[in-house]
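A.B. asks: First the structure, then my questions, so here it is.
The values are calculated or read from the model by the stated rules, or taken from the named source; none is laboratory data. Remember, it's a predicted structure, so these values are computed and weren't measured experimentally. Ideal geometry is used to build each Cβ from the backbone, glycine not excepted, and the neighbour counts take in all protein chains shown. SASA here: full protein model, heavy atoms, side chains in, ligands and nucleic acids out. Shrake-Rupley method; radii C 1.70, N 1.55, O 1.52, S 1.80 Å.
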Amino acid sequence: MTKSKILGGVLLACFAIFILVGFSDRAESNNQGDKKTMLRHVVIFKFKESSSAADVQKVVDGFRGLKAKIPEIASFEFGTNNSPEKLNDGFTHCFLVTFKSEKDRDVYLPHPAHKAFVDVLMPHLDKAMVIDYWAAE
């Protein structure tokens, strides 16, 4: 089985889990029964080969800086791929932005600071993948 078929299968499985677990009619709710949950916004980037390490670091720093500029962000973390499975298909950087509600995410997406970050990102972005889900135990 090729790496692309395996990655496609993994992405399809993640999408199915998102549909089955994370997508529901809880538009403004952040709880699941009695369990508190958080809305996770996962962003994964593949950078252009022409982008230097300094260019990529500028993007990382810009993304990290959004938490200080957008109060609706409950938490932020990021990291770079170090999986030995080699199924990342060139995607190297993963960012996890957490919100308390869909309303908070809806403020974040068009926020001027987020738009300014996207302007820094775009010259260096080869591909992006974004998945949002309600965290469940």
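A.B. asks: From the square roots a ≥ b ≥ c of the eigenvalues of the alpha-carbon gyration tensor of the stretch 97-137, which class results: rounded (a/c under 1.5), prolate (a/b over b/c), or oblate?
C.D. replies: Verdict is oblate for the stretch 97-137.
A.B. asks: By accessible area of protein heavy atoms, probe 1.4 Å, what ranking do LEU96, LEU66 get, highest first? Let's see the in-between values first.
C.D. replies: Numbers: LEU96 35, LEU66 5 Å².
Solvent-accessible surface, decreasing: LEU96, LEU66.
A.B. asks: If the cut-off is 16 Å between C-alpha atoms, which aspartates and glutamates fall inside it for LYS115, apart from same-chain ones fewer than 8 positions away?
C.D. replies: Cross-link targets: ASP61, GLU72, ASP104, ASP106.
A.B. asks: Determine the sum of side-chain charges near ASP126: Lys and Arg each +1, Asp and Glu each -1, restricted to other residues whose C-beta is under 9 angstrom from that of ASP126. Working shown, then result.
C.D. replies: On the way: positive: LYS46, LYS48, LYS127; negative: GLU49.
Cβ neighbours under 9 Å give a net charge of +2.
A.B. asks: Using a 1.4 Å probe, what is the accessible area per residue for the stretch 76-117, in Å²?
C.D. replies: The answer is 58 Å² per residue.
A.B. asks: While we're looking at this one, here's another question. What is the sum of charges, Lys and Arg at +1 and Asp and Glu at -1, for the other residues whose Cβ falls under 11 Å from the Cβ of PHE78? Show your work: numbers first, answer last.
C.D. replies: Working: positive: ARG64, LYS67; negative: ASP61, GLU77.
Taking every other residue near PHE78 into account, the sum is 0.
A.B. asks: How much accessible surface area, in Å² rounded to 10, belongs to the heavy atoms of TYR108 with a 1.4 Å probe?
C.D. replies: Using a 1.4 Å probe on the heavy atoms, I get roughly 0 Å².
A.B. asks: Looking at the stretch 30-137 from every direction and averaging, what is the projected area of its Cα convex hull in nm²? Mind showing how you got there, number by number?
C.D. replies: Values: hull surface 29.9 nm².
Spelled out: convex hull of the Cα atoms, projected over all directions, averaged, 7.5 nm².
A.B. asks: Of LEU66, GLY90, MET129, whose Cα points farthest to the positive end of the dipole of the stretch 34-137 (charges on the beta-carbon: +1 Lys, Arg; -1 Asp, Glu; origin at the Cα centre)?
C.D. replies: Result: LEU66.
A.B. asks: Follow-up question, since we're still on this one. For a quick check of understanding: with a 1.4 angstrom probe and all protein chains in place, what accessible area in square angstrom does VAL107 have, to the nearest ten?
C.D. replies: Using a 1.4 Å probe on the heavy atoms, I get roughly 60 Å².
A.B. asks: Note down the accessible area of LYS100, probe 1.4 Å, to the nearest 10 Å².
C.D. replies: Near enough 110 Å² of accessible area.
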